[in-house]
1. Can we say residue 296 is assigned to a strand (DSSP E or B) and away from the ligand (no atom under 11 Å from the Cβ)?
2. Out of the stretch 167-184, which residues are within 15 Å of the ligand (Cβ to nearest atom), in a helix (DSSP H, G or I) and either at pLDDT below 95 or farther than 21 Å from residue 270 by Cβ (or both)?
3. Specify the residue that is nearest to residue 294 (Cα to Cα); the eligible residues are those in the stretch 328-341 that are in contact with a strand residue (DSSP E or B) (Cβ under 7 Å, 6 or more places away or on another chain) and not in a loop (DSSP other than H, G, I, E, B).
4. Does residue 416 qualify as being outside any strand (DSSP E or B) and within 23 Å of residue 347 (Cα to Cα)?
5. Cβ-Cβ below 7 Å, separation at least six or inter-chain, first residue in the stretch 247-266 and within 12 Å of residue 146 (Cα to Cα), second away from the ligand (no atom under 16 Å from the Cβ) and part of a loop (DSSP other than H, G, I, E, B): which pairs?
6. Among the residues of the stretch 268-283, count how many are surrounded by fewer than 18 Cβ atoms within 10 Å (Cβ to Cβ) and in contact with a strand residue (DSSP E or B) (Cβ under 8 Å, 6 or more places away or on another chain).
7. All but one of (1) touching a residue at least 12 places away in the same chain (Cβ under 8 Å); (2) more than 16 Å from residue 361 (Cα to Cα); (3) surrounded by fewer than 17 Cβ atoms within 10 Å (Cβ to Cβ) hold for residue 443, so report the exception by its number.
8. Take the residues in the stretch 286-300 that are surrounded by fewer than 16 Cβ atoms within 10 Å (Cβ to Cβ) and in contact (Cβ under 8 Å) with a residue 24 or more places away in the chain; name whichever of them is farthest from residue 128 (Cα to Cα).
Ligand code: IVH
């Protein structure tokens, strides 16, 4: 009877398991169970028709009737409630903070361009790698919030933001409230794998966004600047009941991992996503020539304003997954994909004044203070004029009318001056003295620099903000405003002083109270054991960004080793050339830098070396997990293997070094034994890790 209600399913499909679980849950009559199942399937089908296919079959009133009946039965028999019931999308109790979750597969970002010639060069590279024709999947590039969704045995297990690509924030409760996210994968056409990791974009449709803003304005609340901000805020809410009230949608575009299934092409993955019940972006197409890509881009650029969601370009991906594997990835992005972006949206406004900002490296940047203008949904009131040469080339003066754009979505830029008949002000001149400390500036090519590195408080403020920033020490509550206050009050004259701050010092600062003062103090203290790579990045060594910091930390493992390294040793790190090596050497040779670093160490700041890495106990080893694990999730198991220097693969073969077999392991375990591959059970594996000082 139950089978019939669920439709034809192979034995042991998730719903059969669910049914038997519910059936043993405590004497719920069979007819109630049958009705509950029938209602759930019916509601899921209508959810899918409405939210994914956009072709509802029943009226809202009819739907509400089904939903109310299910709720009523679940309220009367709480033991039948399962997490994938359609009633469970309403949100859960608020959280204190979002947990950090490791991705099943790292979420890389995309290399991007706006130049047709770069697209042609990309195509040439692909053809060369393939040794023949290449097929591409073309998709619109959605401008939303990137998410990984993980399904275990067909049920939504977790949802994670991109974060730094390796780890993100767990936003499962929030994502459960999104109606177009299946809580359970559909299995009518295709079975769900035991573990599925997919990627897609959460977004708010423009029509829904307008309605949302209208509601907010009517309620006397602040409207959102654009759909992406609204979506990002909703996805990262601590209270999922708030998320449930935001009209979020989710479009899927990539299968990251489907255990036990191997797709030959991306399109097969796309079809599988569709079969499992996901909504996909409109207009996915195939092409096999550069001109086809350019034509698709042109077509979407024209369609852009007519779509109900924001896109900022198109994505070009190699369809053949084997070719993808051959091409591989850089540390940031896959070599087999390219985002071909649209031209930025531009608007015209007036320059009210030109100010000069001094950054952490002492560079003086001219900034146009603008009459506020809306550019693609964001209010822009200042824009960089870059440097003396750029400023002279554009000849922007106070009072001029200019065209501004948002580049890469963050820093607005002045594109050009608009010719005007009216009288113009005098040309703008960069100052000869630092507007902050009065030191005579130096001119270096197009740049103007304040040389007073350790005396100029503007530079100190910039360095503090950088030191505390997200990829560095990531100190909550230490932004521009606070850094500025700390410096102006004389509380901080170098980064090490942060660690001497008492709650009493902070309490009286504007905007602070007892609690926030203590919060900031403890946020700073907590960072004494910062990762070495973050510490290095936070020092702000010229030319040393996040990736080089990570490479340095992994290679040298100790701060002292890096401080002492000469150019040759530094250049032995892959990716570090003579220029960067030279910058690092002269940075640490500077006595004042050295003293500032020593002061940090004297405050007990202990940069910690990366775990695993070159000395990992699984260095270079290929590990396969099979069966169900009790104490580890698959994602954690994978993360810890990687920390130990190994990689996780899905099938057992002659190159496999270790198989970790959980309960109910089957054919993979047999195969391992056949091949004589070492096998550990979960407990033994955890012991092995513990012996090497690794905690899952
Ligand atoms: S494919 C390895 N396809 O764009 C990356 N990404 O910088 C594979 N994005 O945040 C991603 N629409 O989430 C892909 N149709 C699409 C996309 C898309 C938007 C996002 C992606 C990431 C950013 C890449």
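The values are calculated or read from the model by the stated rules, or taken from the named source; none is laboratory data. Bear in mind the structure is a predicted one, so any value in this text is a computation, not a measurement. Here Cβ is always computed from backbone atoms with ideal geometry, including for glycine, and neighbour counts include all displayed protein chains.
1. no
2. none
3. 340
4. Criteria not met by residue 416.
5. none
6. 3
7. Of (1) touching a residue at least 12 places away in the same chain (Cβ under 8 Å); (2) more than 16 Å from residue 361 (Cα to Cα); (3) surrounded by fewer than 17 Cβ atoms within 10 Å (Cβ to Cβ), only one is false for residue 443: (2).
8. The residue in question is 286.
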